[in-house]
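The values are calculated or read from the model by the stated rules, or taken from the named source; none is laboratory data. Please read all numbers here as calculations on a predicted model, not as lab measurements. We place every Cβ from the backbone using ideal geometry, glycine too, and count neighbours over all the protein chains shown. To get the accessible areas, we keep the full protein, side chains included, count just its heavy atoms, and leave off ligands, DNA and RNA. Shrake-Rupley method; radii C 1.70, N 1.55, O 1.52, S 1.80 Å.
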Amino acid sequence: MNIKNSLIESMVEMFQMFGLNISFKEDKYQNHQFLGEQVNVLVGLTDGLTGNVIIGFKKSIALTIVSAMMGGMQIEELDFMAKSALGELANMALGSAIMKLKSDKIISLSPPTVLVGEEMSLTVSGSKSTRLTFGLNEDLFNIIVSIE
């Protein structure tokens, strides 16, 4: 299994744990420089696999996800706790994806960085980047996987 497929599988499983059904829509090549979403969670990969993963959401989707993670409690702002929950979601999904790779190599994750803002220009390094698009309710969110 490759990182792309293991990440897709892990995301679906992770969201199901919180009572959310997501669907994988498509993957396509992604330039190294792009406009980020309103909420972006960046996690670096080191050691056995080197690169970056960025999970990008519209603010409304991020709030829906955090609400589900908090047992249905209504979340209206991306405060410290909400950002922490999104970082933990990324840790859980990537940790699960790495376990599914069944690699002999140790793959380490950097602590997640949560970026919130409008029209952020993001640049990732790597020999190739892929945009994975998922559907949640009527909205879409993306994961950029950039492996060196």
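Relative to the longest principal axis of the chain, what angle (0 to 90°, nearest 10) does the C-alpha long axis of helix 80-101 take?
40
For the residue pair K58 and E119, what label-to-label distance in nm results when each label sits 7 Å from Cα along the Cα-to-beta-carbon direction?
Each label point lies 7 Å from its Cα, and together they span 1.9 nm.
Going by alpha carbons, how many degrees (0 to 90, nearest 10) lie between the helix axis of 3-17 and the longest principal axis of the chain?
20
Nearest 20 debye, what's the magnitude of the dipole of the chain about its Cα centre given +1 on Lys and Arg Cβ and -1 on Asp and Glu Cβ?
Here the size comes out at about 440 debye.
Just to confirm the number: angle between the C-alpha axis of helix 59-69 and the first principal axis of the chain, 0 to 90 degrees, nearest 10?
That helix lies at roughly 90 degrees to the long axis.
Given N residues in the range 41-92, what is Rg(Cα) / (2.2 N^0.38 Å)? Don't skip to the answer; put the middle values down first.
Details: Rg = 12.5 Å, N = 52, 2.2 N^0.38 = 9.9 Å.
The range 41-92 yields a ratio of 1.27.
For the chain, what % of the accessible area comes from carbon and sulfur atoms, probe 1.4 Å?
Using a 1.4 Å probe with all protein chains present, the chain comes out at 51 percent carbon and sulfur.
Can you give me the pair-distance distribution of the range 1-47, C-alpha pairs, 10 Å bins, whole percents?
18, 45, 34, 2
Would you mind putting 36-45, 97-106 in packing order, based on average other-beta-carbon counts within 10 Å, highest first? Before the final figure, lay out the partial values.
Details: 36-45: 21.5, 97-106: 13.7.
Result, highest mean Cβ count within 10 Å first: 36-45, 97-106.
Percent relative contact order of the chain, based on C-alpha pairs within less than 8 angstrom and at least six residues apart?
Values: 290 pairs, mean separation 59.3, N = 148.
Relative contact order of the chain: 40 percent.
Could you tell me which label, among (i) -0.45, -0.62, -1.06; (ii) -0.50, -0.67, -1.05; (iii) -0.56, -0.70, -1.04, carries the value of log10 I(q)/I(0) by the Debye sum over Cα atoms at q = 0.12, 0.14, 0.18 Å⁻¹ calculated for this structure?
(i)
With each label point set 7 Å from Cα along the Cα-Cβ vector, what nm distance links K28 and E138?
Modelled inter-label distance: 2.2 nm.
Just how large is the dipole of the range 71-148 about the Cα centre, in debye to the nearest 20, putting +1 at every Lys and Arg Cβ and -1 at every Asp and Glu Cβ? Can you show the working numbers first?
Numbers: 6 positive and 10 negative charges, 130 e Å.
For this selection, approximately 620 debye.
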